[in-house]
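Reading through the structure tokens given below for one structure.
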Amino acid sequence: MKLLITTFILSLLYSILLLGSESQIEVGGLVFLAFAVSVVGKKMGLMDRLAAAVREHPQFPAYASVAGVLITMVVFHNSHFALLMLATVLIYSVVCLGLNIQFGYVGIVNFAGAAFFGIGSYTAAILATYTAVPHILILVLAACVSALIGSILIYPVLRTRGHYAALVTIAFGILFRNFLEVNDSLGGPQGMKIPAMNLFGWNLSNGIEIAGYEISFYIPYLLIALVLLILSFKLTRNLERSWIGLSMDMVRTDEIAASTFGVKIAHWKIVAFTLGNLIAGMAGALYGMMTAYVAPNNFTFADSLIMVSIVILGGIGNPWGIIPAAAIVVILPEKLQFIQEYRFLLYAIVVILILLFRPDGLLPRRIREYFPGNKAGGEK
């Protein structure tokens, strides 16, 4: 337990220093420090000890993650940019949890993640602008619209396999962006403004002042994103542990063998694809309301590649790896301004290095060790 607490404190301090650093030299030094510590820690066996400690206290990472976000939020209570980055990390983590259900559980590679993310944002823009639907309900409706459109796309995906199915999602993502650009009713290439989120008469984009301290307007959005992340993570983990997750694992591993044992291949692919797009649409609606603006350039194929790279970097099929991977992919390019023009080159290099030296990602998914209900139950 002491090792877990020490790791949490050091990780929290490191995250606060990285978010608060503005000098390129400081950021570069912190990145090098993280790399050096990871290498030394692996050689000294600290990583294995840490993994063993997590298995002994499986609930600690969840509570520590929530506490870390809340503490960081308090530290940067009036820093708009830092809170925006933190909220973006949480929202991208929610989207990638949906992609993880599709990619990591059932084996559908979805290169249209940004498109379904955008469907949620544009649905929120239309409903918030032209209707009187309560904004909290808009999140649910946007998720349903995204899932509905995804349920239509799943038909050609089911008719293909492997890279052909991936090409179907790529084509959909490109068509979605072109549709937005030529559709003047949706703002065309210029996009649309979205009214600020309103909860029970409270405009979340208004500044907050408590006891003389100015609080950033991003904090309410960050808290909502945290709630969505907790719910999505809980749903993903419960799905993984259930007989549904076991059926999806069979579909991903060997479709022919799974069908031989009576597993309905098409059924579980539809469930995974629809559920993943529902989660992405809800996250997109919140993101659109937080930024108060949506445009086709925010939901390109390149953005879909970033989302897929987060799933790969974190460890395909492991929800725990998505959050640190999202932090790396979202925060580092913003902090290292001199690589802004080359960030996609950086992503390509990172993916290649991961495939070469750590093909299972930062936190590989462990092999299923039990069937739920057994006395010898344990973590997956």
Listed residues V133, V168, V109, V157; which is under 16 Å from L99 (Cα atoms) and not in a helix (DSSP H, G or I)?
V109
In the stretch 28-43, what residues are open to solvent by less than 40 Å² (accessible area, probe 1.4 Å) and either in contact (Cβ under 8 Å) with a residue 24 or more places away in the chain or of a type in the set (K, R) (or both)?
G28
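Checking the structure you have, find out if any residue of the stretch 257-268 is crowded, with 16+ Cβ neighbours inside 10 Å and free of Cβ contacts under 8 Å to residues at least 12 places away in the same chain.
yes
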Can you find a residue that is touching a residue at least 24 places away in the same chain (Cβ under 8 Å), part of a helix (DSSP H, G or I) and farther than 22 Å from I91 by Cβ anywhere in the stretch 211-222?
no
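Restricting attention to the stretch 237-246, does a residue exist that is farther than 24 Å from V133 by Cβ, in a helix (DSSP H, G or I) and free of Cβ contacts under 8 Å to residues at least 12 places away in the same chain?
Let us first name the residues in the stretch 237-246 that are farther than 24 Å from V133 by Cβ, namely 237-246.
Going one step further and asking which of them are in a helix (DSSP H, G or I), we end up with 237-241, 243-246.
From what's left, free of Cβ contacts under 8 Å to residues at least 12 places away in the same chain: 238.
Yes; the residues of the stretch 237-246 include at least one that is farther than 24 Å from V133 by Cβ, in a helix (DSSP H, G or I) and free of Cβ contacts under 8 Å to residues at least 12 places away in the same chain.
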Tally, over the stretch 20-52, of residues that are of a type in the set (K, R) and more than 27 Å from the chain's Cα centre (by Cα)
2
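Might you check whether a residue that is farther than 24 Å from G284 by Cβ and open to solvent by 80 Å² or more (accessible area, probe 1.4 Å) occurs anywhere in the stretch 77-92?
Yes, the conditions are met somewhere in the stretch 77-92.
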Open to solvent by less than 10 Å² (accessible area, probe 1.4 Å) and farther than 14 Å from A114 by Cα, is that true of M248?
yes
Checked the stretch 134-183 for anything more than 21 Å from I270 (Cα to Cα) and open to solvent by 40 Å² or more (accessible area, probe 1.4 Å); matches are P134, I136, L137, I174, L175, R177, N178, F179, E181, V182
Pick out the one residue from L3, L50, L46, L12 that is closer than 17 Å to A325 by Cα, among the hydrophobic types (A, V, I, L, M, F, W, C) and surrounded by 10 or more Cβ atoms within 10 Å (Cβ to Cβ).
L12
Please verify whether the stretch 121-144 includes one or more residues that are touching a helix residue (DSSP H, G or I) at 6+ places or on another chain (Cβ under 6 Å), among the hydrophobic types (A, V, I, L, M, F, W, C) and free of Cβ contacts under 8 Å to residues at least 12 places away in the same chain.
yes
Positions within the stretch 74-101 being in contact with a helix residue (DSSP H, G or I) (Cβ under 8 Å, 6 or more places away or on another chain) and either closer than 30 Å to M250 by Cβ or free of Cβ contacts under 8 Å to residues at least 24 places away in the same chain (or both), in sequence order:
Y92, S93, V94, V95, C96, L97, G98, L99, N100, I101
So, N206, is that one surrounded by fewer than 17 Cβ atoms within 10 Å (Cβ to Cβ), part of a loop (DSSP other than H, G, I, E, B) and not small (G, A, S) or not?
yes
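The values are calculated or read from the model by the stated rules, or taken from the named source; none is laboratory data. A quick note: this is a predicted structure, and the numbers were derived from the prediction, not measured. Heads up, the Cβs are rebuilt from the backbone with ideal geometry, glycines too, and the neighbour counts pull from every protein chain shown. Areas reflect the complete protein model, heavy atoms only, side chains present, ligands, DNA and RNA absent. Shrake-Rupley method; radii C 1.70, N 1.55, O 1.52, S 1.80 Å.
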